[in-house]
1. Regarding Glu74, is this residue open to solvent by 60 Å² or more (accessible area, probe 1.4 Å) and among the acidic types (Asp, Glu)?
2. Take Tyr84 and decide whether it is without any contact (Cβ under 8 Å) to a residue 24 or more places away in the chain and either in contact with a strand residue (DSSP E or B) (Cβ under 7 Å, 6 or more places away or on another chain) or of a type outside the set (D, E, K, R) (or both).
3. Tell me which residues, restricted to the range 144-160, are open to solvent by 80 Å² or more (accessible area, probe 1.4 Å) and either of a type in the set (Val, Ile, Thr) or farther than 16 Å from Val71 by Cα (or both).
4. Against the definition (within 27 Å of Asp50 (Cα to Cα) and loosely packed, with under 14 Cβ neighbours inside 10 Å), how does Arg80 come out, yes or no?
5. Regarding the range 85-92, can at least one residue be identified that is over 16 Å from Thr174 (Cα atoms) and assigned to a loop (DSSP other than H, G, I, E, B)?
6. Considering only residues that are modelled with pLDDT under 90, of a type in the set (A, V, I, L, M) and farther than 17 Å from Gly159 by Cα, which ones fall in the range 103-143?
7. Of the residues that make up the range 120-141, is at least one in contact (Cβ under 8 Å) with a residue 40 or more places away in the chain, outside any loop (DSSP other than H, G, I, E, B) and within 28 Å of Tyr45 (Cα to Cα)?
8. Which ones in the range 59-81 are within 21 Å of Ala101 (Cα to Cα) and either over 23 Å from the mean Cα position of the chain (by Cα) or not aromatic (Phe, Trp, Tyr) (or both)?
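The values are calculated or read from the model by the stated rules, or taken from the named source; none is laboratory data. All of these numbers come straight from a predicted model, not from anything done at the bench. Glycine gets a Cβ as well: all are built from the backbone with ideal geometry, and neighbour counts include every protein chain shown. When the accessible area is computed, the model is the full protein with side chains, heavy atoms only, and any ligands, DNA or RNA have been set aside. Shrake-Rupley method; radii C 1.70, N 1.55, O 1.52, S 1.80 Å.
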Amino acid sequence: MNASVLKIMVALALLLSTQACAHLPQRCQPNWYVTGYYTPVETDYAGAADTTISINDQGDQVFSEAFLAAVKVEGWGKTRFGWYLGYYGNQWHRSAQPLDALGQTLNIGTVATDPMVVTTGSRVVIENMESSLPEHQFVARDVGALVKRNHIDVYTGEGEAAKHLTWQITGQRTVCVYPT
């Protein structure tokens, strides 16, 4: 069997298993690792050393090294100009808003999941979350390089307050998944 046929068979099996899961009722499981991610704001990184980067379809721009490091970890950052700087595909990108993996605006209520475990679009309820979060129900619309298996990363918003909230929500939790 050649590699192309094998790839098609694997893709078909994944598609069928995802569709089969869509008809299952919720499943709640303890011991999920819940973390948070946020959008860093460039003005919170004043005074750090500067670096020039090349932004895809934009040209060169100078930013703080600390801000750029935070954007690489978190995915997107709000610049002093009001637009957002993203890092993916080993390139820097500009956008009017931070984006999720589907190219949609990243909003509080979005979670990053492992799509092999939680189908994209599923509703996710995280039990025993701190009251500082306005929501306890989320939508799986994002992915992350470090989000594997029973790990959920909750988007908490922009700036320092959102950064601190990521630390508050980190821990082991019971998670219920309602497939689409």
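1. Values: open to solvent by 60 Å² or more (accessible area, probe 1.4 Å): no; among the acidic types (Asp, Glu): yes.
For Glu74, the condition - open to solvent by 60 Å² or more (accessible area, probe 1.4 Å) and among the acidic types (Asp, Glu) - is not met.
2. Details: without any contact (Cβ under 8 Å) to a residue 24 or more places away in the chain: no; either in contact with a strand residue (DSSP E or B) (Cβ under 7 Å, 6 or more places away or on another chain) or of a type outside the set (D, E, K, R) (or both): yes.
Judged against the criteria, Tyr84 is not a match.
3. Lys148, Arg149
4. Values: within 27 Å of Asp50 (Cα to Cα): yes; loosely packed, with under 14 Cβ neighbours inside 10 Å: yes.
In short, yes.
5. Restricting attention to the range 85-92, the residues satisfying the condition of being over 16 Å from Thr174 (Cα atoms) are 85-92.
Still in the list and also assigned to a loop (DSSP other than H, G, I, E, B): 89-90.
Yes, the range 85-92 contains at least one residue that is over 16 Å from Thr174 (Cα atoms) and assigned to a loop (DSSP other than H, G, I, E, B).
6. Met129 - this is the single residue of the range 103-143 that is modelled with pLDDT under 90, of a type in the set (A, V, I, L, M) and farther than 17 Å from Gly159 by Cα.
7. no
8. Once the filter is applied, which keeps residues that are within 21 Å of Ala101 (Cα to Cα) and either over 23 Å from the mean Cα position of the chain (by Cα) or not aromatic (Phe, Trp, Tyr) (or both), the range 59-81 yields Leu68, Ala69, Ala70, Val71, Lys72, Val73, Glu74, Gly75, Gly77, Lys78, Thr79.
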